[in-house]
Amino acid sequence: MENEKQNYNRSQSGNVVEETFPVQGMTCGGCANGVQRSLTKLEGVKSVEVSLADASARVAYDPGAVSPEQMQQAVENAGFRFGKSEGEESDKSERSGGCC
């Protein structure tokens, strides 16, 4: 996962890290709200901004309380793909569940 983290936009301030993660499968505002809710429920997540247009989620979190793997699991449980493998293109039409 260390190589994957280099692909994300990351900044750190104190105990809070901000990263932007790609999210696949969102097709509407309801999908974006579902991704935001799934991340916001996690202990250690301070704020979430989901962009349907950019197919991404910018998350401010305490890495001592929550990991990117836990965030990935929460988003995938909501029916979306969180992050992507190197060389894999984002495809908004690829849908694994969610609201639509």
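The values are calculated or read from the model by the stated rules, or taken from the named source; none is laboratory data. Bear in mind the structure is a predicted one, so any value in this text is a computation, not a measurement. Note: accessible area is taken over every heavy atom of the protein model, side chains too, but ligands, DNA and RNA are not part of it. Shrake-Rupley method; radii C 1.70, N 1.55, O 1.52, S 1.80 Å.
Which residue, of Gly64, Gly83, is more than 11 Å from the chain's Cα centre (by Cα) and at pLDDT 55 or above?
Details: Gly83 fails: more than 11 Å from the chain's Cα centre (by Cα).
Criteria check complete, one pass: Gly64.
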Practice task
For region 36-80, enumerate the residues that are open to solvent by 60 Å² or more (accessible area, probe 1.4 Å) and assigned to a strand (DSSP E or B).
Solution key: Lys46, Glu49, Arg58
